[in-house]
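The values are calculated or read from the model by the stated rules, or taken from the named source; none is laboratory data. Since the structure is predicted, the reported quantities are computational estimates derived from the model, not experimental observations. Ideal geometry is used to build each Cβ from the backbone, glycine not excepted, and the neighbour counts take in all protein chains shown. Remember, those area values only see protein heavy atoms, side chains included, never the ligands or the DNA or RNA. Shrake-Rupley method; radii C 1.70, N 1.55, O 1.52, S 1.80 Å.
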Amino acid sequence: MTYLFAPERYVGDGFVLRSYDLGDGPLLSEASDESYEHLRPWMPWAVPHMPVEDGEKLVRQFRARYLLAEGFVIGVFSSDEMRLLGSAGFHLREGPITTGCAEIGMFIRQSEAGRGLGPRVVTAMLEWGFSAWPWLRLAWRCDQRNLASIRVAEKCGLRHEGVLRGQLAHVGNGRRDTACYALTKQDWLARPARGADATPPPASPKPLG
Ligand SMILES: CC(C)(COP(=O)(O)OP(=O)(O)OC[C@H]1O[C@@H](n2cnc3c(N)ncnc32)[C@H](O)[C@@H]1OP(=O)(O)O)[C@@H](O)C(=O)NCCC(=O)NCCS
């Protein structure tokens, strides 16, 4: 499998996940402008202001790469699709599509963060990713200092696999340690029935071979 007829849309409880499309630029620009202070510590691409035409260019790039099966950036839209609540994606950071591996990436816009939306979206990405998509393993990686992101991984039952020390340049100065979490399709199918809001079991760190 070198090409993927990627699924286009998932309707969640209070949100829609879908590929960005032509005309979504203003929504991305507005969500990005609101969220600069919130994103700046963790996202190297965060900008204080995204002109609408830059937003439109970006969503067109996302759409083109989606159709070419080169990368899958996914918007988190309100149910009426009039507002962008955040952005997510299945990123090919562990190898090409043939590996069956992808990394889930995500941000929730500043005014929607802290209300439990992040874990609900990641749970939806796992549910969708292991059913309509062909993923066999979905990973979640974050700066070890990003406690909200680590909490999302724990709340979604992702397994802690280890820490890659000094793996990337930090957004500010120095290097960052990367916390690695993942679930395989087998893990997902064997999971006990539980909601994203359930208290997670204690993480059991496992060294990365
Ligand atoms: C990380 C992020 C996706 C979480 O989404 P969210 O919708 O805010 O998720 P929640 O509302 O469940 O909040 C996350 C959890 O982290 C906790 N949290 C938030 N900030 C925290 C902090 N500074 N220290 C410790 N815990 C923190 C919250 O209390 C909550 O845990 P709880 O439910 O046990 O109280 C969102 O905050 C975000 O977009 N952050 C900026 C971008 C980013 O870091 N993306 C992830 C990159 S890997």
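At 1.4 Å probe size, with the rest of the protein present, what percent of the exposed accessible area of the chain is carbon and sulfur atoms? Walk me through the numbers on the way to the answer.
Numbers: 5950 of 10710 Å².
Of the solvent-accessible surface of the chain, carbon and sulfur hold 56 percent.
Per DSSP H run of n ≥ 4, the term is -39500 (n - 2.57); total these for the chain, divide by its residue number, and report the mean residue ellipticity at 222 nm rounded to 500 deg cm²/dmol. Could you put the intermediate results ahead of the total?
Numbers: 6 runs with 58 residues, N = 209.
Using -39500 (n - 2.57) per qualifying helix, the result is -8000 deg cm²/dmol.
Computed FRET efficiency, Cβ-Cβ of HIS49 and GLU81, R0 25 Å: what is it to the nearest 0.05?
Numbers: r = 24 Å, r/R0 = 0.96.
Computed FRET efficiency for HIS49 and GLU81: 0.55.
Just how large is the dipole of region 9-190 about the Cα centre, in debye to the nearest 20, putting +1 at every Lys and Arg Cβ and -1 at every Asp and Glu Cβ?
The dipole magnitude comes to about 580 debye.
So which chymotrypsin sites (Phe, Trp or Tyr not before Pro) in region 1-56 end up in coil per DSSP with only 12 or fewer other C-beta atoms within 10 Å?
Details: sites: TYR3, PHE5, TYR10, PHE15, TYR20, TYR36, TRP42, TRP45; in loops: TYR3, PHE5, PHE15, TYR20, TRP42, TRP45.
For chymotrypsin sites (Phe, Trp or Tyr not before Pro) across region 1-56 that sit outside H, G, I, E and B with at most 12 neighbouring Cβ atoms in 10 Å, the list reads TYR3, PHE5, TRP45.
How much length would be gained if the chain were fully extended between VAL11 and HIS91, taking 0.36 nm per residue of separation minus their Cα-Cα distance, in nm to one decimal?
That works out to 26.8 nm of additional length.
With each label point set 7 Å from Cα along the Cα-Cβ vector, what nm distance links LEU147 and ALA169?
2.8
What number do you get for the chain when its Cα radius of gyration is normalised by 2.2 N^0.38 Å, N = residues?
0.99
I'd like the FRET efficiency for LEU68 and SER131, computed as 1/(1 + (r/R0)^6) with the beta carbon distance as r and R0 of 22 Å, rounded to 0.05.
With a Förster radius of 22 Å, E is 0.45.
Calculate, for region 34-162, the solvent-accessible area per residue in square angstrom, rolling a 1.4 angstrom probe over the heavy atoms of the protein chains. Please report the intermediate quantities before stating the final value.
Values: 5720 Å² over 129 residues.
For region 34-162, the per-residue accessible area is 44 Å².
What percent do you get for the relative contact order of region 9-190 when only Cα pairs under 8 Å and 6+ apart count?
17
Quote the accessible area belonging to SER149 in square angstrom, nearest 10, computed with a 1.4 Å probe and with ligands, DNA and RNA left uncounted.
20
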